[in-house]
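Encoded as structure tokens, the structure appears first; notes follow it.
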Amino acid sequence: MTAEVRIFGTVISTYTRIIEITAEEVGLSHEVTATAARSPQNHNPFGKVPVVEVDGLELYESVSVTQYPDNAHNAGTLQPNDPAARAVMDRWIAVGNNYLFPLFEHGLIMPWIMHRHAGMPLDEENIARALPNISRALAFCDAEITKDGAWTIGAFDLADIFLYCILRGVQLTPQGSVGISQCPQLSAWMAVTEQRPSTQATRWESEP
Ligand SMILES: N[C@@H](CCC(=O)N[C@@H](CS)C(=O)NCC(=O)O)C(=O)O
């Protein structure tokens, strides 16, 4: 049977997992068809993955692809009704997408993926250059986490999904694991979020 949410993207990918966790939370079945970003099979005009089919729609951009199933199938439960809380959630998703993900992906996650999975030499120079900014970003998250309710342990929302997936890739690298362990609030939030059934159901094979 065809899944309700069909994800075309790389299998071990921050953004694929964001869509998978959202589908789990919303209660829709989902499947991933391995699709490389720069391949003729990828329908995203900007060469990014994933592209997602749901309810006969072909969607891309994770903000759209997470809000749609939540709005159409889950009464928007993953998005706060209160305008101020909503603005905070939207801000953190934008911070994750625009600042945290590019910094972590290029400076730490991709060098380790290329080393571990493609047998390339570890780009230590690139990592060393990025680490001070990565440490500052993690410290910023650690300091902000308890301030405005966007990182929640109780009222889980889309910001939690984005931030968890963006940070999990970092945590799976040696330097990122040490960096996050030095951030007590962030570590506690990661540990709780990791236990959610939706997070457990979408674990990457490579996760310890
Ligand atoms: N703004 C996009 C970002 C998606 C994205 O960056 N995906 C990564 C994979 S996790 C990608 O396509 N990387 C390949 C590339 O940039 O060439 C979204 O929100 O969906």
Residue check, Ala155 surrounded by 22 or more Cβ atoms within 10 Å (Cβ to Cβ), assigned to a loop (DSSP other than H, G, I, E, B) and of a type in the set (A, V, I, L, M): no
Qualifying residues in the stretch 9-22 (those that are open to solvent by 30 Å² or more (accessible area, probe 1.4 Å) and closer than 16 Å to His117 by Cβ) - the one farthest from the ligand (Cβ to nearest atom): Val11
Residue within the stretch 105-113 that is within 18 Å of Val32 (Cβ to Cβ) and either assigned by TED's automatic domain parsing to the domain that holds Val32 or within 13 Å of the ligand (Cβ to nearest atom) (or both) present: yes
Residue within the stretch 192-208 that is modelled with pLDDT of 95 or more and touching a Leu at 6+ places or on another chain (Cβ under 7 Å) present: no
First in the stretch 1-24 and in contact (Cβ under 8 Å) with a residue 24 or more places away in the chain, second anywhere and within 15 Å of the ligand (Cβ to nearest atom) and of a type in the set (D, E, K, R), Cβ under 6 Å, 6 or more apart: Arg6/Glu53
Subset of the stretch 23-40 that is of a type in the set (S, T, N, Q) and within 12 Å of the ligand (Cβ to nearest atom) - its residue that is least open to solvent (accessible area, probe 1.4 Å): Thr35
The stretch 46-65, residues that are open to solvent by less than 40 Å² (accessible area, probe 1.4 Å) and either more than 20 Å from Gly27 (Cβ to Cβ) or near the ligand (Cβ under 10 Å from one of its atoms) (or both): Gly47, Val49, Pro50, Val51, Val52, Leu59, Ser62, Val65
Tally of residues being open to solvent by 50 Å² or more (accessible area, probe 1.4 Å) and either within 21 Å of Asn98 (Cβ to Cβ) or hydroxyl-bearing (Ser, Thr, Tyr) (or both) across the stretch 178-192: 1
Residue identified as basic (Lys, Arg) and surrounded by 12 or more Cβ atoms within 10 Å (Cβ to Cβ) among Arg168, Arg136: Arg168
Criterion (open to solvent by less than 50 Å² (accessible area, probe 1.4 Å), in contact with a Cys (Cβ under 9 Å, 6 or more places away or on another chain) and in a helix (DSSP H, G or I)) met by exactly one of Gly107, Gly96: Gly96
Condition broken by Tyr68, with the remaining ones in (1) modelled with pLDDT under 95; (2) within 14 Å of the ligand (Cβ to nearest atom); (3) of a type in the set (Ser, Thr, Tyr) satisfied: (1)
Hits in the stretch 150-203 - residues which are among the aromatic types (Phe, Trp, Tyr) and closer than 20 Å to Val65 by Cα: Phe156, Phe162, Tyr164
Residue list for the stretch 130-158, filter: at pLDDT 95 or above and of a type in the set (A, V, I, L, M): Ala130, Leu131, Ile134, Ala137, Leu138, Ala139, Leu158
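The values are calculated or read from the model by the stated rules, or taken from the named source; none is laboratory data. This structure is a prediction, so every number in the text was calculated from the model and none was measured. Every residue, glycine among them, receives a Cβ derived from its backbone with ideal geometry; neighbour counts consider all protein chains shown. Surface areas here come from the heavy atoms of the whole protein model, side chains and all, with no ligands, DNA or RNA. Shrake-Rupley method; radii C 1.70, N 1.55, O 1.52, S 1.80 Å.
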